[in-house]
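Presented below is the structure to which this report refers.
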Amino acid sequence: MNDRPIEEAKDADLRSSIVAMRRAAQRAREIAQRTGTSLVVSRNGVIEYLDPSADSLTDEVQPPAKDLGETA
């Protein structure tokens, strides 16, 4: 694994993945609002249930946890 930003990846699909994830997150918020369900997220290893109508929802991107799947 390298420390370069994903926007600098050689693979075009990988470079576009951040935009796709943000689009998917927005769609999840819309569906949760329409169906009256909570959004489930993990922040700093803690599972949280968020109200999708709350103004506090952001497109915050959290770096992956270092201990997930990493062998080095």
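Would you please name the residue that is modelled with the highest pLDDT, looking only at residues in the stretch 28-60 that are under 12 Å from the mean Cα position of the chain (by Cα) and exposed (fewer than 11 other Cβ atoms within 10 Å of the Cβ)?
This residue is S42.
Filter the stretch 1-27 down to residues that are of a type in the set (V, I, T), more than 11 Å from the chain's Cα centre (by Cα) and loosely packed, with under 11 Cβ neighbours inside 10 Å, then give me how many there are.
Initial filter on the stretch 1-27 (of a type in the set (V, I, T)): 6, 18-19.
Checking the rest, the ones that are also more than 11 Å from the chain's Cα centre (by Cα) come to 6.
Remaining after also requiring loosely packed, with under 11 Cβ neighbours inside 10 Å: none.
Number of matching residues: 0.
The values are calculated or read from the model by the stated rules, or taken from the named source; none is laboratory data. Computed from a predicted model, the values in this text were never measured in an experiment. So basically every Cβ, Gly included, is an ideal-geometry build from the backbone, and we count neighbours across all protein chains shown.
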